[in-house]
1. Would it be correct to say that A:T320 is over 30 Å from A:V621 (Cβ atoms) and in the same structural domain as A:L666 (by TED's automatic domain parsing)?
2. Give the number of residues within segment A:424-477 that are within 46 Å of the chain's Cα centre (by Cα) and of a type in the set (K, R).
3. Please determine, by comparing only the residues of segment B:28-60 that are surrounded by 16 or more Cβ atoms within 10 Å (Cβ to Cβ) and not in a helix (DSSP H, G or I), which one is nearest to the other protein chains (Cβ to nearest Cβ).
4. Looking only at segment B:61-106, how many residues end up being free of Cβ contacts under 8 Å to residues at least 40 places away in the same chain, at the interface with chain A (Cβ under 8 Å from one of its Cβ atoms) and closer than 13 Å to B:A36 by Cβ?
5. Among the listed residues A:V402, A:V407, A:V344, A:V385, which satisfies the condition of being assigned by TED's automatic domain parsing to the domain that holds A:S448, buried (at least 17 other Cβ atoms within 10 Å of the Cβ), aliphatic (A, V, I, L, M) and closer than 19 Å to A:I459 by Cβ?
6. Please specify each residue of segment A:492-525 satisfying the condition of being under 20 Å from A:D547 (Cβ atoms) and among the small types (G, A, S).
7. Would you mind finding the one in A:Y445, A:Y374 that is over 20 Å from A:V539 (Cβ atoms), modelled with pLDDT of 85 or more and buried (at least 21 other Cβ atoms within 10 Å of the Cβ)?
8. Which residue is nearest to A:K365 (Cα to Cα), if the candidates are limited to segment A:271-291 and must be hydroxyl-bearing (S, T, Y) and within 17 Å of the chain's Cα centre (by Cα)?
Amino acid sequence: MPPKSLAKGKQAQAKPKATRPGKQKDGDDMTDAGDGTDGDGDWGNMTKTLVKPDDQLDLSEQELKEEFTRILTANNPHAPQNIVRYSFKEKQYKQTSSVDQLAIHFALDGNMIHKDSDEAQRQRAKLGIPEAQSDHAVSEAGEAASGAQGGEAEEGKDEGKDEQREEASTPAPTQTEGSSGGKKLTNQFNYSERASQTYNNPYRERGTATEPPPRAVFSSNVTQWEIYDAYQEDFEKQEKNKEKKVIPGRKEEDKTRKRLTITETSGDDISRISKAAKIIERMVNQNSYDDIAQDFRYWEDPADEYRESEGTLLPLWRFTYEKAKKLAVTSLCWNPKYKDLFAVSFGSYDFMKQAGGMILFYSLKNPSFPEYIYETDSGIMCLDVHPEHPYMVAVGFYDGSVGVFNVEKKDGPLHRCTAKNGKHTDPVWQVRWQKDDLENNHNFYSISSDGRIVHWTIIKNELTFQDVIKLNMPEAPAEGPDGTKIATIGCGTAFDFHKKNDYMFVVGTEEGKIHTCSKAYSSQFLDSMDAHNMAVYKVRWNPYHPDIYITCSADWTVKIWERTNKSASDKNDSTDTSAKKPLFTFDLNNSVGDVAWAPYSSTVFAAVTADGKVFAYDLNVNKYEPLCEQMVAQKKKTKLTHLEFNPQYPIVIVGDDRGTVTSCKLSPNLRKQPKEKKGVAAPDPAVREQQEIAKLDKILLMVRDPTDQKST
Amino acid sequence: MAEQTEEKKDTSESKRVHVYPLIRHSDMNDEMKTEAMELCVTACEKFSSNNENAARMIKDTMDKKFGASWHAIVGEGFGFEITHEVKNLLYMFFGGNCAICVWKCS
């Protein structure tokens, strides 16, 4: 500042500014000095452009030539001229000659410094700018420095400048950069490293609300009398409870009921998944036995088309159960309602090796594990499923008792007879349900080696018995060692009820005799004959023909018989009824354990032998040789014990003495049926039955004894 | 009415005055119920003359045992309509003349 004011002073002195009358008025006022400098420039311009201010006075020549002499002095006109001060030296007041003429009207501190000044040097050294920089750069830097110093207004400078500034401050800056685009400088006050300028993820809000705990409203009133009444009521209740407690038993009953409900609920936990588990089990089985299931449904032996009188059995599923492996299959029975379900009883035919027994229910849908399992203390020798109530199963035990199981109840038999009420004294060989009697009671028959045939009836959850017949031998009573006479008794092993006349039944005995009996006569047989040389194992009526039945025996034979229509008197006339001849005799070369008619044809039957073979015959095709003779047992020593046709599907199940049940599919030749004429609807059952009977009769005609025929 | 009840009381008092705790209404589980009931009995016996203190004790103890925001009313005559959290209500009589209502609602 000082230099500038200095120059101004010079100007003022050099150019007398007397031309402006406005100024002249307060011409001695020093405050006008600044304006004067501005005016100086204007004057210069005016002379050139000749622009006059509007308020300029028009002066005549004379007036213009008139001279005013005024001298500008440096004296302050306002400064007092007569200042006196007391002088202690001269001990009097004296006028001071030196009056301060300086008057400061405006002062502004600049922030610029000269680049050559000491301060500039120091500043440069501090910022590290080398001395050798070009004037341009230095001035730029200076400007920046001054800008930075000057402050806050520069805060908004963009990042680009910062970057440039940084480069400038590096020890070896490039001059070209500065010259090309002008250096951008950092903002010292709001500066952040580039590396820290990362992208910040935007924030988002998310909220969830939980359900508030459930609430309820409750209201009541409390008064003294209400409290009193409540106590009174409660007290009365307590009194009543006390009275109840006096009666014993009821409480206990409640307890047991409670316990029952508890067990039920706990059982439910497991049983809840039992259905799903069963479905899964069956699905797994379906997968693992898929090929067998396909065979069961679709496989037909193609070789059958090229041979007339031969057939085969295709083994399908094999049913085994670990615990039943040491037991023999003692009987088989298909469930009348569910055609894939069958019951198997297990026991032992060995007199020396008697152990427990078992009943298993298998389904073709699950060959790997039984559906139901019942274990018993005594061997089970036979069983029968009720034809109308498929959950009722009658069984006969080795110890001579009979029992009834309900499949729906897992725990043990519903009924089991004891020594007190009619139990047999020898193994029960066969049981058979009968139609419900007139009072709708379930009833069944049993046959045992003790020679009794007993009729059992379930009356009000009790098993009552009635001896139907005793198999007395016609021979004279045997004489005991001490002279007492004991009536010899035949040992029944098998029986079968006539399909139509259900009062009539045939009985096979261990002595090889066949008795035809009636429920009506308990003392005497309708007919009796020596059929076999050894024990008869099975007797079965033909499903179609009312007079034909088949027997099998340990004497290696299967025989087919015709029931004689002779009355009892006629029988007496005939010379030897026991010498009656069978219509057919088949020798199977081994003990025949079971024989069964096929349900679909009157002429087809199958038998199993102790050497592990299944024989299938169709009398319509071959009266002398089996159509099929096939080894079914897996091991040579295994004996086949029983067989049963499925009532619907063309399969048989065969049981052996090692606890295995094998299912076999019959090839087409084994299940030939009369050809249906094309275009004609399938004959109704009655017609078909007649056809079947006629078919069998035709065959029988050929073998009947000519003399016999005459008599009939 | 009052006279009648008085008469009734007179006749019954000759029989017996019941003081045992009697649960009028509760939807708590058994464990909680017995604990709350015992607490109420203790509180009412301890502050037999000051229902306010009894209520405070019940409330504080229940807060400690079963979590915050329990409410308790102890009195001989009052009416109420409350909103409570399900399974957290006990309304009982005790001592023959005192009603206690404890519930939770936060």
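The values are calculated or read from the model by the stated rules, or taken from the named source; none is laboratory data. A quick note: this is a predicted structure, and the numbers were derived from the prediction, not measured. Note that each Cβ is placed from the backbone with ideal geometry, even for glycine, and that neighbours are counted across all protein chains shown.
1. Details: over 30 Å from A:V621 (Cβ atoms): yes; in the same structural domain as A:L666 (by TED's automatic domain parsing): yes.
Yes.
2. 3
3. B:M28
4. Residues flagged as free of Cβ contacts under 8 Å to residues at least 40 places away in the same chain, at the interface with chain A (Cβ under 8 Å from one of its Cβ atoms) and closer than 13 Å to B:A36 by Cβ within segment B:61-106 amount to 3.
5. Details: A:V407 fails: closer than 19 Å to A:I459 by Cβ; A:V344 fails: closer than 19 Å to A:I459 by Cβ; A:V385 fails: closer than 19 Å to A:I459 by Cβ.
Sole residue among the options that is assigned by TED's automatic domain parsing to the domain that holds A:S448, buried (at least 17 other Cβ atoms within 10 Å of the Cβ), aliphatic (A, V, I, L, M) and closer than 19 Å to A:I459 by Cβ: A:V402.
6. The initial filter retains those residues of segment A:492-525 that are under 20 Å from A:D547 (Cβ atoms), namely A:494-508, A:513-521, A:525.
Of everything in segment A:492-525, those that are under 20 Å from A:D547 (Cβ atoms) and among the small types (G, A, S) turn out to be A:A494, A:G508, A:S518, A:A520.
7. Details: A:Y445 fails: over 20 Å from A:V539 (Cβ atoms).
Checking each option against the conditions leaves just A:Y374.
8. Among them, the one singled out is A:S274.
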